[in-house]
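Student: The structure that follows is given in the form of structure tokens.
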Amino acid sequence: MNIFVFVKRVPDTESKIRINPTSTNIVFDGLNYILNPYDEYAVEEALRIKESQGGQVTVFSVGPDEAQAILKKCLAMGADEAVLIKDESEELYDGWRTARIIVAALQQHYPGFDLLLFGKQAVGDDNSQVPAMVAEMLGLPQVNVVTKLEIQGSQGVAYREIEGAHEKVVFSLPAVISAQKGLNEPRYETLRGIMAAKRRQIPVLTLEQLGLTEEEIKPKVAVVKVEAPPPRKAGQVIDEEITEAVKKLVAFLHEEAKVI
Amino acid sequence: MILVFGEIRDGQLKKASLEALSTARRVGETSGLKVGAVIVGSLTEETKESFQRCGADIIYCLSHPLLGSYSSSGYSNALAQLVTEENPEALLLAATAMGRDLAPRLAARLRVGLASDCVRLELKEGVFEAVRPIFAGKAFLTVQASSSPFLATLRPNVFPVVEKASSSLEVEERKVDLDEDMVKERVEEIVRGEQEELDITEAEIVISGGRGMKGAENFQLLRELSALLPQSAIGASRSAVDAGWIDHQHQVGQTGKTVSPTLYMAFGISGAIQHLAGMSSSKYIVAVNKDPEAPIFKVADFGVVGDLFEVIPHLKEELKKFKS
């Protein structure tokens, strides 16, 4: 089983996001970066499939040189190989661009695979676009937001989360799967893994090597403005006897919120 | 024409699809654009009436024996055929589980961009402009399509359903051209939990518990409260989910769901930045917390400083009294 996992370097979920008034983007200086949380489930699932069925796990990231850090984390978790597809552009919030880059890399350099695993979305752009776009561009089946995955030979069954239920989806390999929290419990890196990953040289593919011109991968959705959310004003805070407080709360639910 | 995908679940048209249709009507009107609805499968009288009430001028029913159950590749192929035939200016889908799965595949097929999970949509001088949250709502992008048709998914519970019937309504059946290798995955079964639960993204009221709930068994208190409040669902903070007290489907925040209900009630939730991001677009926020300094009070419209284990029983009593 040859499994490819696609991971992204994203700002820590604890980050405060500031707006850059002179651009159409956020302020990137001073942000702390992590491996996208949903991608961790994808890496873990790949490792589990490899451990039970044999095979190889290769992790890819589209991003700047700094993304090597998250690739090394994946190697330390147990991935066999890692590849950086170097894209120095700032975050553009466009799934099409990333999907095109991934597809070009796969078609030109890594054509043989059984499973492409992604996180269900990157925290940050919150697009949930790349897995489905890659699946369509390569003509593969897709199952997104997966909480349980079973692979038997060339057949797969995945349970994907929908409103208040799960869909049981059947498909054939090769296929694209995106992971949701709940799929598994990602392992920690071992100290030995971390030491070994440190010494690894990660191969780098550039957009020029892929023959992609900026025109071809120009975002299809243009950002014209970025804003902070409208501020919320704190309302009344009642710190008094509970019976009284609850009476006032019920009055609020009736008169203001009008939900009862 | 602005085309809207009508999502049918269990034979019922999703409310979020009517929100999208109402939005299409609103933005289309100013530019004299017609509004079309498209469904996969056969049209029930009820769905037809809903579409008409919200202003559809035409309904397209796409049919093929291979489209009996949902398939990402099958449905996107079918919709792409209609888009190619009808050349709409825009195609809107609800950002539901199905819409979020289908739209990016369709975008890639049509070689256009996609604005995901939008919370505002306007048509300004012939250009579609949408606002969408990033970082779960810590910032908002205004985006314009640089490709046509404009493709967007609209977040459920944000856009109002506006009843404004169209003067006439056409219904057109369209046969889809498909063969078996174009339908690459297939929903074999829909698996439900024991209790039929409303999803937090679709609920009018979300009642959430955090670390202050102290244990899985205490979420029963929230369920009892939920039984007294119509259209309510149970939410949770990440710490409650990570402690194993409740399933991840209920998690609100940056690694969970972003919700915009009319009322969000936070019990024993301090208000970490990741959580606030996921619920700050709620219309009203009520917080109950023992700690008067909890950050959740900074965003709450109504806060009660107190022990949730005292507040909830009282609240239940008062709600029962109020009902009778």
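Student: Among the residues of segment B:266-286, write down those that are in contact with a strand residue (DSSP E or B) (Cβ under 9 Å, 6 or more places away or on another chain), facing chain A (nearest Cβ under 10 Å), assigned to a loop (DSSP other than H, G, I, E, B) and over 19 Å from A:Gln236 (Cβ atoms).
Tutor: Result: B:Ser281, single match.
Student: Restricting attention to segment B:83-137, which residues are more than 7 Å from chain A (Cβ to nearest Cβ) and either of a type in the set (Ser, Thr, Tyr) or touching a His at 6+ places or on another chain (Cβ under 8 Å) (or both)?
Tutor: The one that is more than 7 Å from chain A (Cβ to nearest Cβ) and either of a type in the set (Ser, Thr, Tyr) or touching a His at 6+ places or on another chain (Cβ under 8 Å) (or both): B:Thr84.
Student: Can you pull out every residue in segment B:259-280 that is buried (at least 23 other Cβ atoms within 10 Å of the Cβ) and either farther than 15 Å from A:Lys16 by Cα or assigned by TED's automatic domain parsing to the domain that holds B:Cys118 (or both)?
Tutor: B:Val259, B:Pro261, B:Leu263, B:Tyr264, B:Met265, B:Ala266, B:Phe267, B:Gly268, B:Ile269, B:Met279
Student: Another one. Are there any strands (runs of 3 or more DSSP E) wholly within segment B:92-181 with 1 or more residues that are hydroxyl-bearing (Ser, Thr, Tyr) and either closer than 28 Å to A:Ala122 by Cα or not assigned by TED's automatic domain parsing to the domain that holds B:Gly6 (or both), and if so which?
Tutor: Strands (runs of 3 or more DSSP E) meeting the threshold: B:115-118, B:139-145, B:150-154.
Student: Moving on. Can you tell me which condition A:Tyr188 does not meet? The list is (1) within 13 Å of another protein chain (Cβ to nearest Cβ); (2) closer than 20 Å to A:Ile70 by Cβ, and all the others hold.
Tutor: Only one criterion in (1) within 13 Å of another protein chain (Cβ to nearest Cβ); (2) closer than 20 Å to A:Ile70 by Cβ is unmet by A:Tyr188, namely (1).
Student: Then there's this: A:Pro203 fails exactly one of the following numbered conditions: (1) over 23 Å from the mean Cα position of the chain (by Cα); (2) more than 25 Å from A:Val123 (Cβ to Cβ); (3) surrounded by fewer than 17 Cβ atoms within 10 Å (Cβ to Cβ). What is the number of that condition?
Tutor: The failed condition is (1).
Student: Being touching a residue at least 40 places away in the same chain (Cβ under 8 Å) and over 19 Å from A:Gly164 (Cβ atoms): is that true of B:Ile273 here?
Tutor: When the stated conditions are applied, B:Ile273 passes them.
Student: Among residues belonging to segment B:287-311 that are more than 7 Å from chain A (Cβ to nearest Cβ) and buried (at least 20 other Cβ atoms within 10 Å of the Cβ), point out the one that is farthest from A:Glu255 (Cα to Cα).
Tutor: B:Ala294
Student: Being within 14 Å of chain B (Cβ to nearest Cβ) and modelled with pLDDT under 95 narrows it down to one residue among A:Ser89, A:Ser23; which is it?
Tutor: From the options A:Ser89, A:Ser23, the qualifying one is A:Ser23.
Student: Restricting the search to segment B:121-162, which residues are charged (D, E, K, R), touching a residue at least 60 places away in the same chain (Cβ under 8 Å) and farther than 24 Å from B:Met98 by Cβ?
Tutor: Correct list: B:Glu122, B:Lys138.
Student: Which numbered condition trips up A:Glu14, out of (1) over 17 Å from the mean Cα position of the chain (by Cα); (2) farther than 24 Å from A:Gln201 by Cα?
Tutor: Among (1) over 17 Å from the mean Cα position of the chain (by Cα); (2) farther than 24 Å from A:Gln201 by Cα, the lone unmet condition for A:Glu14 is (1).
Student: When you go through A:Glu189, A:Glu167, A:Glu185 one by one, which is the residue that is in contact with a Lys or Arg (Cβ under 6 Å, 6 or more places away or on another chain), within 30 Å of A:Leu149 (Cα to Cα) and modelled with pLDDT of 95 or more?
Tutor: Unique residue meeting the criteria: A:Glu167.
Student: Oh, and also: Can you tell me which residues in segment B:1-35 are more than 20 Å from B:Glu86 (Cα to Cα), at pLDDT 95 or above and either part of a loop (DSSP other than H, G, I, E, B) or not assigned by TED's automatic domain parsing to the domain that holds B:Ala80 (or both)?
Tutor: Once the filter is applied, which keeps residues that are more than 20 Å from B:Glu86 (Cα to Cα), at pLDDT 95 or above and either part of a loop (DSSP other than H, G, I, E, B) or not assigned by TED's automatic domain parsing to the domain that holds B:Ala80 (or both), segment B:1-35 yields only B:Lys14.
Student: Further, regarding this structure: Being more than 10 Å from every other protein chain (Cβ to nearest Cβ) and among the hydrophobic types (A, V, I, L, M, F, W, C) is the filter here; which residues of segment A:145-163 pass it?
Tutor: Listed by number, the residues that qualify are A:Val146, A:Leu149, A:Ile151.
Student: Of the residues B:Glu188, B:Glu180, which is out of contact with any Lys or Arg (no Cβ under 9 Å at 6 or more places or on another chain) and surrounded by fewer than 23 Cβ atoms within 10 Å (Cβ to Cβ)?
Tutor: On inspection, the qualifying residue turns out to be B:Glu180.
Student: Wholly within segment A:191-260, which strands (runs of 3 or more DSSP E) include no fewer than the required count, namely at least 3 residues that are closer than 30 Å to A:Gly78 by Cα?
Tutor: Output list reads A:204-206.
Student: Next question. Check B:Ile234, B:Ile246 and return the single one that is touching a His at 6+ places or on another chain (Cβ under 8 Å) and at pLDDT 95 or above.
Tutor: Step by step, each of B:Ile234, B:Ile246 is checked, and only B:Ile234 is touching a His at 6+ places or on another chain (Cβ under 8 Å) and at pLDDT 95 or above.
Student: Right, another one. Within segment B:221-235, identify whether any single residue is without any contact (Cβ under 8 Å) to a residue 60 or more places away in the chain, within 11 Å of another protein chain (Cβ to nearest Cβ), crowded, with 20+ Cβ neighbours inside 10 Å and assigned to a loop (DSSP other than H, G, I, E, B), and answer yes or no.
Tutor: No: segment B:221-235 contains no residue that is without any contact (Cβ under 8 Å) to a residue 60 or more places away in the chain, within 11 Å of another protein chain (Cβ to nearest Cβ), crowded, with 20+ Cβ neighbours inside 10 Å and assigned to a loop (DSSP other than H, G, I, E, B).
Student: Let me spell it out: the conditions are (1) free of Cβ contacts under 8 Å to residues at least 24 places away in the same chain; (2) in a helix (DSSP H, G or I), and A:Asp29 meets all of them except one. Which number is the exception?
Tutor: Going through the list (1) free of Cβ contacts under 8 Å to residues at least 24 places away in the same chain; (2) in a helix (DSSP H, G or I), A:Asp29 breaks only (2).
Student: Still on this structure: Given the options B:Leu263, B:Leu315, name the one that is touching a residue at least 60 places away in the same chain (Cβ under 8 Å) and within 8 Å of chain A (Cβ to nearest Cβ).
Tutor: Going through B:Leu263, B:Leu315 in turn, the sole match is B:Leu315.
Student: A follow-up question, please. Scan segment A:75-99 for residues that are crowded, with 22+ Cβ neighbours inside 10 Å and either among the charged types (D, E, K, R) or under 22 Å from A:Gly139 (Cβ atoms) (or both) and jot them down.
Tutor: Residues satisfying the conditions are A:Ile85, A:Asp94, A:Gly95, A:Trp96, A:Arg97, A:Thr98, A:Ala99.
Student: Here are the criteria: (1) surrounded by fewer than 21 Cβ atoms within 10 Å (Cβ to Cβ); (2) part of a helix (DSSP H, G or I); (3) of a type outside the set (A, V, I, L, M, F, W, C). Tell me which single one A:Ser23 does not satisfy.
Tutor: (2)
Student: Name the one entry in B:Ala56, B:Ala103 that is over 22 Å from B:Ser166 (Cβ atoms) and crowded, with 23+ Cβ neighbours inside 10 Å.
Tutor: Every option except B:Ala103 fails the conditions.
Student: Might you check whether a residue that is farther than 20 Å from A:Ala257 by Cα, touching a residue at least 12 places away in the same chain (Cβ under 8 Å) and within 26 Å of the chain's Cα centre (by Cα) occurs anywhere in segment B:276-297?
Tutor: Among the residues of segment B:276-297, at least one is farther than 20 Å from A:Ala257 by Cα, touching a residue at least 12 places away in the same chain (Cβ under 8 Å) and within 26 Å of the chain's Cα centre (by Cα), which makes the answer yes.
Student: For segment A:110-165, what are the residues that are in a loop (DSSP other than H, G, I, E, B) and among the basic types (Lys, Arg)?
Tutor: Matches in segment A:110-165: A:Lys120 only.
Student: When you look at A:Lys198, is it under 23 Å from B:Ser280 (Cβ atoms) and exposed (fewer than 12 other Cβ atoms within 10 Å of the Cβ), yes or no?
Tutor: no
The values are calculated or read from the model by the stated rules, or taken from the named source; none is laboratory data. All values derive from a computational prediction rather than experimental measurement. Glycine gets a Cβ as well: all are built from the backbone with ideal geometry, and neighbour counts include every protein chain shown.
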